[in-house]
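Enquirer: One structure is given below, represented as structure tokens, and several questions about it will come after.
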Amino acid sequence: MKWLAVLALVGACGASDPLPATGGVSLVLDIPNGALDPKGYTTVEVVLHGPKQDINLSANIDSNNTFKLADINLADLEPSKLVSIEATLRNNSGAAVGYGRTAVAMEFIAGATIVVPMLRPITYISGTVSRDADGNPNTTPLHWTEAPATFSDLSVGMSLDGRTQVGGNAVLMIAAGPALYMVTQATSDPSGLLTGPARVMKISTVDHQVGPTLNGTMTGGVIDGAGADDGTKLVIGTTTQLFVVNTSGDTAVPLADGNFGRVALLTPDTGDPIAIAIANRGSTIGPCPTSAELWWAPLTGGPAHRIATGGFSDIATDRGQAYYVDACKGEFGKITEASILPLRSIPDTGPSAGTIAGKPTALAVSNDQAYIGIEHPQAGTTSPATTSLLVMSTQGSEDPRTLWIEGAQQVLDVMDFPDVRRQLDASSVVFAHLEIGAGGDYVALTTSAHFHGASIPQVGIPDMTIDTEELRVFDAATGGIVQRYRSWCDGIVLLDVGDISGWECAAAAGQSAPAADSYEHHINSMTFLFGKK
């Protein structure tokens, strides 16, 4: 299915010209004709990112699936007439039900036809599962296995319970523009480390069918990945190397040696893509490490090199620019081939501000808006460890706004005694992933939290240690929660004589959980179709 529109150029043609117009530009929104096609759309919004300014246009979609956008002035696109284009399909309530963008800047001239692939806004999480074979943590080590990826289709308002699955066993899902790829790798017992060759498979964004395995393989446990908007290249960081995967040529080529925990792809206006990566990224819990290495790795035409060493915790790219956050300095800045350029300090506005410094540890950027995840450690024992999400312009100096802030808590119930409950405050909570979807409509993040509660012998409450992992998706404009899914909640309960047994994790208000134990998993990766990280 394809839709056509004309962007009539002032001075070149009139608004009443028929489709296609020789003096206008034909915009083709290309939908793949499958089970995952966008549905329920009534309007389209188009953004032209030009060298001088952005041009925002919108139109209603008629019964013939065509639309007519307003006239524009070519002078607004001078001097090069090269534009990158984003298109968003919306339903009657204004929710995004389809999104797409061009992989590179296109020449916007009279008579041109520009094709924009369109897909639903879907986010994917994948990972592994750890199980205790006999239920006794003191006698049997954990057994680790991979698990199928789970997805949330934000265009249909589905609530996650783990039953929407993709492929077989995925340890990493990577979106590359309109393309989707799955990485598989074996796990080892009892540590859960990923081992053996890592392999890449393409997943159809028409119907989620798994394609053939690419020929190239990678060594080291896979940690993070990013994809080019044209779907032809992936960059994957492992515990031993940074790789570029050529999806059209079925090759995996190492770019640099090291333990690469964060990767992003920078697409300049001219030239080949460049991998930006962080090696030796330390834990964000406890003292702040300053040994993280920021790397610049051209995919072709030049050797990778280290730019700087410091407290780098995450990286992101947007519109030909690369950015970083430094957890130790509380700093947001820009990355160039030769150095870093600090732009501004990130204010610490959490519950422990002034007592224990919050750390910026997660970053995503889209259309000059930076989303920064802050970890606030537990201050004493009176409040839980907290996470917050700030939004600020990459271009200005105005104060950021807090989109979300929450102290991590977990309630446990007793299966046989519904009146018995225990609430635990997190001693630590960390960001694992942060990404923007649907051109900025949604922002998604994953966190993992650690809880401990000492025994209370007087009432038969045992000592317990619990770990949880969650996916949250927010409306980027309002901060309203669109999806909250707890993929994992498990731990160790040390029972003494007379203690209450049969504890289980309860669901919080607005939170969904796996429908059964077989759908639980640890979150190794999270990605959006057409996502930005």
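Enquirer: From the residues Asn33, Gln458, Gln53, which one has its Cα farthest along the dipole of the chain in the positive direction, the dipole being from +1 and -1 charges on Cβ of Lys/Arg and Asp/Glu about the Cα centre?
Expert: Value computed over the given set: Gln53.
Enquirer: Explain nothing, just the number: dipole magnitude of the chain about its Cα centre with +1 on each Lys and Arg Cβ and -1 on each Asp and Glu Cβ, in debye rounded to the nearest 20.
Expert: Details: 29 positive and 54 negative charges, 186 e Å.
Dipole of the chain, to the nearest 20 debye: 900 debye.
Enquirer: Size of the dipole of the range 290-444 about the Cα centre, Lys and Arg at +1 and Asp and Glu at -1 on the beta carbon, nothing else charged, in debye to 20?
Expert: Numbers: 9 positive and 18 negative charges, 76 e Å.
Charge dipole of the range 290-444: 360 debye, to the nearest 20.
Enquirer: Give me the accessible area per residue for the range 304-436, probe 1.4 Å, as a whole number in Å². Show your work: numbers first, answer last.
Expert: On the way: 5380 Å² over 133 residues.
Solvent-accessible surface per residue comes out at 40 Å².
Enquirer: Taking a probe of 1.4 Å, how large is the accessible area per residue of the range 452-533, in Å²? Numbers along the way, then the final one.
Expert: Numbers: 3430 Å² over 82 residues.
Heavy-atom SASA per residue in the range 452-533 reads 42 Å².
Enquirer: Set the bar at 29 Å for Cα to Cα. Now go through Lys68/Lys334; Lys329/Lys532; Lys202/Lys329; Lys68/Lys202; Lys359/Lys532; Lys39/Lys68 and name every pair that lies beyond it. Walk me through the numbers on the way to the answer.
Expert: Values: Lys68/Lys334 39 Å; Lys329/Lys532 24 Å; Lys202/Lys329 39 Å; Lys68/Lys202 35 Å; Lys359/Lys532 22 Å; Lys39/Lys68 19 Å.
Too far apart for the 29 Å limit: Lys68/Lys334; Lys202/Lys329; Lys68/Lys202.
Enquirer: Moving on to the next point. Among 468-480, 435-447, how do they line up by average Cβ neighbours within 10 Å per residue, starting with the highest?
Expert: Numbers: 468-480: 18.6, 435-447: 24.5.
Final packing ranking: 435-447, 468-480.
Enquirer: Contact order normalised by length for the chain, with contacts defined as Cα pairs under 8 Å and 6 or more residues apart; what percent is it? Don't jump to the answer; show the numbers that get you there.
Expert: Details: 1569 pairs, mean separation 55.3, N = 533.
This gives 10 percent for the chain.
Enquirer: For the chain, what % of the accessible area comes from carbon and sulfur atoms, probe 1.4 Å?
Expert: Whole-percent figure for carbon plus sulfur exposure: 50.
Enquirer: Right, another one. Answer with one residue from Cys288, Ala264, Gly211: the one whose Cα lies farthest towards the positive end of the charge dipole of the range 185-299, charges on Cβ with Lys, Arg +1 and Asp, Glu -1.
Expert: Result: Cys288, furthest along the dipole toward the positive end.
Enquirer: Looking at the chain, what % of its DSSP beta bridges pair antiparallel, to the nearest 5? Kindly include the intermediate steps, with their values, before the conclusion.
Expert: Values: 174 of 182 bridges.
In the chain, DSSP labels about 95 percent of beta bridges as antiparallel.
Enquirer: Right, another one. When ligands, DNA and RNA are left out and all protein chains stay put, how many square angstrom of accessible area per residue does the range 175-286 have with a 1.4 Å probe?
Expert: On the way: 4200 Å² over 112 residues.
The answer is 37 Å² per residue.
Enquirer: In debye, nearest 20: dipole of the range 164-306 around its Cα centre with unit charges on the Cβ of K, R (+) and D, E (-)?
Expert: Numbers: 6 positive and 10 negative charges, 45 e Å.
I would put it at about 220 debye.
Enquirer: How would the chain be classified by its alpha-carbon gyration tensor: rounded, prolate or oblate, with rounded meaning a/c under 1.5 and the a/b versus b/c comparison settling the rest?
Expert: Values: a/c = 1.76, a/b = 1.64, b/c = 1.08.
Prolate shape, in that a/c is at least 1.5 and a/b is the bigger ratio.
The values are calculated or read from the model by the stated rules, or taken from the named source; none is laboratory data. Please read all numbers here as calculations on a predicted model, not as lab measurements. With ideal geometry, Cβ positions are generated from the backbone for all residues, glycine too; neighbour counts draw on all protein chains shown. Just so you know, the surface numbers come from the protein's heavy atoms only, side chains and all, with ligands and any DNA or RNA stripped out. Shrake-Rupley method; radii C 1.70, N 1.55, O 1.52, S 1.80 Å.
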